[in-house]
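These notes concern the structure reproduced below.
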Amino acid sequence: MAEKLLEIKNLKTSFRIKDDYFAAVDDVSLNVNKNEVLAIVGESGCGKSALAFSIMGLHTRAKMEGDILYKGENIVGISPSKLNKLRGKHMGMIFQDPLTALNPLMIIGDQIGEALLLHNKEMSKTQRKEKVIDLLNKVGIPRPEYVYEQFPHELSGGMRQRVVIATAIANEPELLIADEPTTALDVTIQSQILDLIKDLKDDMNSGIVLITHDLGVVAEMADRVAVMYAGEIVEIAEVTELFEEPLHPYTRSLFNSVPNASEEQDRLHVIQGIVPSLQNLPRTGCRFAPRIPWIDESAHEAHPELHEVKPGHFVRCTCYKHFRFPEEVGKEEEHHGVS
Amino acid sequence: MWKFSVRRILIMIPQLFVLSLLIFVLAKMMPGDALSGQIDPNIDPARIEELRIEMGWYDPWHEQYARWVGGVMQGDFGMSFRFKMPVTELIGQRIVNSFWLSVATLILTYLIAIPLGITSGRYNDTFRDQLITGYSYVGFATPLFIFALVMLWVFGFQLQWFPTSGSVEPGMEPGTFDYFMSKFYHLLLPALSMALITTFNTILYLRNEIIDTKQKDFILLARSKGASESRVYNQHIFRNSLLPIAAFFGFEITGLIGGSIFIENIFGYPGMGQLLIESISLRDFSVVTATTLLFGIASILGALISDIILSLVDPRIRIK
Ligand SMILES: Nc1ncnc2c1ncn2[C@@H]1O[C@H](COP(=O)(O)OP(=O)(O)OP(=O)(O)O)[C@@H](O)[C@H]1O
Ligand SMILES: [Mg+2]
């Protein structure tokens, strides 16, 4: 049995807009084990970052309900000082945009050093500097002594992301949260950064939550995948299982909208519409229903729940059983007509 | 750093040239001169013409300009017709007065604005913040001269806490402690009036800057490192949000000059602003050009100081 590192139970994170609260993360439950990469995929605005920020306690004004257990201890609503002992030491975070993730007025060495300083009061200045240089080496930054004294604007995006990673792993956290760590980088740098994260995982045996909307990244990195739509998890499964047998209409639409060289495809399926904004999110029934209007209403559950279709493979709402792409529906009708 | 400063100072030469030319042309375009006001019928118009020729009124403009600039370079702004004394001498004490009034106003402005802006930005949308922004909007909406008049009336005339005109008690021995205190006492009310009403810029600017910086990714990174709230503010947010305030310093000086013209006139404070208004109405050509030129130079220097401060604190601007 894998060791549970993080256990999220019925997490609901809501933002106040005007006088009401709207949930951006709605009743999310999931686990992250040690030495495991859990990928979270979903379109822009579906609540991936909101979930990541909830885990790190980075929301300053959100209402959080439910439990986030880190090694069995609930970290929702714990005191700031307790939270600050966990953050940076037990959990680290990598951000989407490396260009804005570093303090423009501080040299690189001090920014990485801060993570050490905050959790290692005994460490001397020279020890700290040595450790920072080590870290810079570890994340593959050339001429670390020189970079130590540089300011962020003197480094490229890829180098800055390495600095952010070095900061996140400074205290060898057991849980690493990477919020689209490669989205802002160009393709060659992307794979370097992903390789780096993989190496680090093997090094430290940490659990990683990898947020992305790139299915290629998922295939390469993840052990398990959670698919999010409109604040909810709609499907969760082992990565091979999910790629072989995606069930939820949203998951299937996601897979179908990626060009696939090996299989012959008539044309790409484009998911209709966009993720609605927080205020306009459907709050009852199947949230994806409005975007697959050709599926009969009776196919959806009134209160969709996660069903375990195979051990470890969960799908929300029964509509997956009845789902066909419109192109398929058309073809079937043609066949019927001929026969 | 040195290269940057030298280059920045060299830029001032064309700036100063354009400024002086502009002032000269504008002054020339002012209707009438110091003599056209002389309606004494006993003076022979021919004598006035003679005086004008003597003054060089009819010389080609570039000769007049060269003569003027040449004098200014040696600290000679010509003679004031009305006061019958060298402009340099006339300006001497007033420029010192205006300088101290500006310094006091600036200090008070920052003393008020920085704590209020920080509180307002850090605790935005709370009651405290609403109070502070409320004050800023009132400041924004109230004309300086009306506010100054009210201050003068309340604290100067009604309560009599402060003197109502002048820059020092008459009959004080310059250089003594009492003299110094009296000077300070005289500039307090005008400086405070101006500071209270002009801080709203800095407060609102700082507030927005903090709210903006607060949600930047590098602040989230600092929090995710485990930095405490006070460390996040002191190490990361304030330094980044005070930066634009330093850049604003130059404009602050320009604003101050505009304000001091009102303030000095209302409080009867013998400074450059008061002198400017007086000499405009008296068409004292040489005094007007001298004061305007000095105001212009102060603005240019303000911008220079801003740039140098900024280059000292912001590594992105530091040019090697
Ligand atoms: N602080 C906030 N206040 C109000 N609404 C918010 C806040 N943060 C996020 N939201 C809203 O919550 C929803 C989810 O946002 P989130 O940033 O988690 O999306 P995401 O899945 O990370 O998207 P992306 O792929 O673009 O990063 C969005 O509708 C967003 O507008
Ligand atoms: Mg996001």
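The values are calculated or read from the model by the stated rules, or taken from the named source; none is laboratory data. Please read all numbers here as calculations on a predicted model, not as lab measurements. We place every Cβ from the backbone using ideal geometry, glycine too, and count neighbours over all the protein chains shown. Accessible surface areas use protein heavy atoms only, side chains included; no ligands, DNA or RNA. Shrake-Rupley method; radii C 1.70, N 1.55, O 1.52, S 1.80 Å.
All but one of (1) under 27 Å from A:Ala101 (Cβ atoms); (2) more than 14 Å from chain A (Cβ to nearest Cβ) hold for B:Gly271, so report the exception by its number.
It fails just one condition, (1).
Looking only at the stretch A:129-143, decide whether some residue is away from chain B (no Cβ under 14 Å), within 28 Å of the chain's Cα centre (by Cα), open to solvent by less than 20 Å² (accessible area, probe 1.4 Å) and under 27 Å from A:Lys48 (Cβ atoms).
Yes; the residues of the stretch A:129-143 include at least one that is away from chain B (no Cβ under 14 Å), within 28 Å of the chain's Cα centre (by Cα), open to solvent by less than 20 Å² (accessible area, probe 1.4 Å) and under 27 Å from A:Lys48 (Cβ atoms).
For the stretch B:150-173, how many residues are part of a helix (DSSP H, G or I) and either over 21 Å from B:Asn201 (Cα atoms) or among the β-branched types (Val, Ile, Thr) (or both)?
Of the residues in that region, 8 qualify.
Regarding A:Thr100, is this residue without any contact (Cβ under 8 Å) to a residue 24 or more places away in the chain and within 13 Å of chain B (Cβ to nearest Cβ)?
So A:Thr100 fits the description; yes.
When both residues are 6+ apart or on different chains and their Cβ atoms are under 8 Å apart, which pairs have a first residue that lies in the stretch A:40-59 and is closer than 15 Å to B:Asp217 by Cβ, and a second that is among the polar types (S, T, N, Q) and within 9 Å of ligand 2 (Cβ to nearest atom)?
Matching pairs, first to second residue: A:Ser49/A:Gln96.
Under 9 Å between Cβ atoms, which residue pairs at least 6 apart in sequence (or on different chains) link something in the stretch A:107-135 that is under 14 Å from B:Gln235 (Cβ atoms) and modelled with pLDDT of 95 or more with a partner that is of a type in the set (Phe, Trp, Tyr) and open to solvent by 50 Å² or more (accessible area, probe 1.4 Å)?
Between residues of the stretch A:107-135 that are under 14 Å from B:Gln235 (Cβ atoms) and modelled with pLDDT of 95 or more and residues that are of a type in the set (Phe, Trp, Tyr) and open to solvent by 50 Å² or more (accessible area, probe 1.4 Å), there is no close pair.
If you go through the stretch B:247-261 one residue at a time, do you hit one that is within 14 Å of another protein chain (Cβ to nearest Cβ), open to solvent by 10 Å² or more (accessible area, probe 1.4 Å) and closer than 18 Å to A:Asn103 by Cα?
Within the stretch B:247-261 (the criterion being within 14 Å of another protein chain (Cβ to nearest Cβ), open to solvent by 10 Å² or more (accessible area, probe 1.4 Å) and closer than 18 Å to A:Asn103 by Cα), the answer is no, since none of the residues qualifies.
Considering only the stretch A:8-22, I want to know if a residue exists there that is away from ligand 1 (no atom under 16 Å from the Cβ) and out of contact with any helix residue (DSSP H, G or I) (no Cβ under 7 Å at 6 or more places or on another chain).
For the stretch A:8-22, residues away from ligand 1 (no atom under 16 Å from the Cβ) and out of contact with any helix residue (DSSP H, G or I) (no Cβ under 7 Å at 6 or more places or on another chain): present.
Might you check whether a residue that is surrounded by fewer than 23 Cβ atoms within 10 Å (Cβ to Cβ), in the same structural domain as B:Ser120 (by TED's automatic domain parsing) and under 29 Å from B:Asn124 (Cβ atoms) occurs anywhere in the stretch B:158-167?
no
Filter the stretch A:32-59 down to the residues that are of a type outside the set (D, E, K, R) and surrounded by fewer than 18 Cβ atoms within 10 Å (Cβ to Cβ), then identify the one that is farthest from ligand 1 (Cβ to nearest atom).
Checked the stretch A:32-59; the qualifying residue farthest from ligand 1 (Cβ to nearest atom) is A:Asn35.
Among the candidates A:Leu30, A:Leu51, A:Leu83, single out the residue that is among the hydrophobic types (A, V, I, L, M, F, W, C), at pLDDT 90 or above, within 23 Å of A:His313 (Cβ to Cβ) and more than 16 Å from ligand 2 (Cβ to nearest atom).
One residue alone meets the criteria, A:Leu30.
Any residue at all in the stretch A:175-190 that's at pLDDT 90 or above, in a helix (DSSP H, G or I), more than 11 Å from chain B (Cβ to nearest Cβ) and open to solvent by 10 Å² or more (accessible area, probe 1.4 Å)?
No, the conditions are met nowhere in the stretch A:175-190.
Could you figure out which of (1) among the aliphatic types (A, V, I, L, M); (2) more than 14 Å from every other protein chain (Cβ to nearest Cβ); (3) open to solvent by less than 30 Å² (accessible area, probe 1.4 Å); (4) out of contact with any Lys or Arg (no Cβ under 9 Å at 6 or more places or on another chain) isn't true of A:Ile94?
A:Ile94 satisfies all of (1) among the aliphatic types (A, V, I, L, M); (2) more than 14 Å from every other protein chain (Cβ to nearest Cβ); (3) open to solvent by less than 30 Å² (accessible area, probe 1.4 Å); (4) out of contact with any Lys or Arg (no Cβ under 9 Å at 6 or more places or on another chain) except (2).
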